[in-house]
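Here the structure is laid out as structure tokens; the discussion comes afterwards.
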Amino acid sequence: MKRTGEGLALIVLFLAINLGMTILSRYYSYLAGVGTWIAYLAGIISYAVFRCPYQTNEKIVTASAVSSLTLLVVELGGTVGSGLEYCYGVDSLFIKMAGSLLLLVSAVILQMNPVSDYYVSVHNVRMNLTCTALSAVAAAFFDTYSVYARPRNDLATWLLLASVFLAILYVLDLVCYLQTWSLSREQTNVLELTATAQMNKSAAQMLTVSEHNLNELRKIRHDLDNQYLYMQVLLRNRDYDGLNDYFAELLGSFSVPLVSYLDCGNWVLNAILNMENAKAQEMGVVLDPVVAVPETLPFREVDLCNLLSNVIDNAMEACVAEHTEKPVVSIVLRLEQDYLYGKIVNPTKKSQAFLEHPVTTTKEDQLHHGKGMSIVRSIVQKYNGHMSNQIEDNMFRVEFLLDMSAGEAQNTMTDQAEETKANARPGGDSQ
């Protein structure tokens with residue numbers, strides 16, 4: 001019932017805008033023919049802004065593709081219908097209605113290849129917007145030219161060329177959308193493979209730590225048996241001063257932590273932080289984590305892994321590259337109202353001017369490096385968050401916020417998509 005009401009509201013909006021533009025065109029001739037365009041755009045944009053559950057980048061790509069394809073189909077149907085009516089006397093109304101079937105083709109293609117399943121980078125958004133904007137401008141120019149300057153003597157040839165031109169634009173728009181979808185899918189696959197490899201490495205590191213801890217506990221148990229016997233001997237001999245000294249020595253030996261395992265109560269963050277801690281020990285960097293989060297967070301594990309590992313790795317690598325004495329990387333993760341707040345701080349010799357220009361990687365293999373912060377920004381944007389970099393008092397600080405409700409919405413969409421795919425398989429549960 002709710003969806004029916006929304007559909008009726010969009011139809012009413014379309015009719016109202018189209019009627020209003022038709023009335024205005026009687027007084028302003030240059031508005032003739034644009035009412036349908038504006039009505040379609042208003043409906044699509046309204047739905048994208050208020051009802052579409054996609055993230056921002058996915059909304060922009062989908063809405064721009066739907067808008068341009070819709071306008072091109074309307075123009076193409078009208079042009080082909082006018083040509084057949086002019087040449088053969090066919091009623092153009094039915095041709096225009098049949099031409100609108102191309103919208104079904106577009107809808108099926110967009111439905112089968114949704115960009116909402118993947119990360120859509122800013123570069124992909126720009127590419128899609130550029131293509132659809134050029135198509136819309138070209139179609140608008142054609143529409144205006146057709147009204148005021150199209151040839152009257154050889155109208156059939158003009159309508160044929162115009163039909164071919166609009167059909168090419170339609171195909172180009174579809175190709176551009178599919179290219180955006182393909183690139184986004186490829187980038188998502190790379191990110192997930194990278195995150196999976198990192199999580200596997202973290203799991204292996206945690207297993208190694210656990211085995212080491214077990215061996216240490218066995219040694220401690222063996223030592224305790226000997227220590228108990230020694231203390232019994234001291235008690236029997238009433239050597240209380242010796243027993244007191246021995247206790248002091250034991251307490252001192254336990255002042256050093258037996259294991260180097262970080263536990264914040266969240267198993268995903270445990271895996272990530274212990275993996276980063278193992279890297280830090282190899283690099284000679286000290287991690288100082290302060291984490292206060294619930295046992296579960298509504299964000300995908302691969303997203304948290306990609307975000308935190310990239311930011312922490314950058315901080316540790318900066319300490320090593322600048323030969324920082326006693327380098328310490330501080331990590332803060334906590335909840336602030338409905339957001340997950342994160343802050344990573346490392347010492348630096350750079351000034352604030354370093355952030356005023358696009359930062360590029362200093363590694364030799366620039367083809368496979370320098371994408372970390374781009375990945376981080378895409379993840380922050382995915383969860384309607386915010387990120388900032390700042391250098392102050394010789395400290396480089398990265399801060400970010402992730403919207404918890406956006407994470408829950410993303411999980412809901414993922415679950416629904418997986419359920420739909422499962423039901424679509426042969427033998428799947430269709431209940």
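Can you tell me the length gained on complete extension of the stretch ASN226 to GLU408, counting 0.36 nm per residue apart and subtracting the Cα distance?
Details: separation 182, 0.36 × 182 = 65.52 nm, distance 5.47 nm.
Contour length minus Cα-Cα distance gives 60.1 nm.
Enter the accessible area of ILE45 (Å², nearest 10), with the probe set to 1.4 Å and all protein chains included.
90
Using only alpha carbon pairs under 8 Å that are at least six residues apart, calculate the relative contact order of region 256-333 and give it in whole percent. All intermediate terms of the calculation are to be shown ahead of the outcome.
Values: 67 pairs, mean separation 31.6, N = 78.
So the answer I get is 40 percent.
With a 1.4 Å probe and every protein chain left in place, tell me how much accessible area HIS386 has, in Å² to the nearest 10.
Here the accessible area works out near 110 Å².
Extending each Cα 7 Å along its Cβ direction at LEU243 and VAL105, get the distance between those two points in nm, one decimal.
Result for the modelled spin labels: 9.5 nm.
Taking R0 as 56 Å, what's the FRET efficiency between ALA133 and GLU282 from their Cβ-Cβ distance, rounded to 0.05?
Numbers: r = 49 Å, r/R0 = 0.88.
Result of the calculation: an efficiency of 0.70.
Obtain the nm distance between the two label points defined at GLN390 and GLU322 by a simple spin-label model: each point lies 7 Å from its Cα along the Cα-to-C-beta direction.
Label at GLN390, label at GLU322, 1.6 nm between them.
Got a number for the accessible area of TYR28? Probe 1.4 Å, square angstrom, nearest 10.
For TYR28, solvent-accessible area is about 110 Å².
Using a 1.4 Å probe and counting only protein heavy atoms, arrange LEU76, LEU183, LEU104 so the residue with the most accessible area comes first.
Values: LEU76 20, LEU183 70, LEU104 105 Å².
Of LEU76, LEU183, LEU104, the descending order of accessible area is LEU104, LEU183, LEU76.
Pop out the carbon and sulfur fraction of the accessible area of region 235-355 as a percent, whole number, probe 1.4 Å.
On the way: 3520 of 6650 Å².
Roughly 53 percent of what the probe reaches on region 235-355 is carbon or sulfur.
Pop a pseudo-label 7 angstrom from the Cα along the beta-carbon direction at both TRP267 and THR22 and give the gap in nm to one decimal.
Label at TRP267, label at THR22, 6.2 nm between them.
The values are calculated or read from the model by the stated rules, or taken from the named source; none is laboratory data. The shown structure was predicted, so the numbers you read here are calculated from the model rather than taken from an experiment. Methodologically, a virtual Cβ is constructed for each residue, glycine included, from the backbone with ideal geometry; neighbour enumeration extends over all protein chains shown. Note: accessible area is taken over every heavy atom of the protein model, side chains too, but ligands, DNA and RNA are not part of it. Shrake-Rupley method; radii C 1.70, N 1.55, O 1.52, S 1.80 Å.
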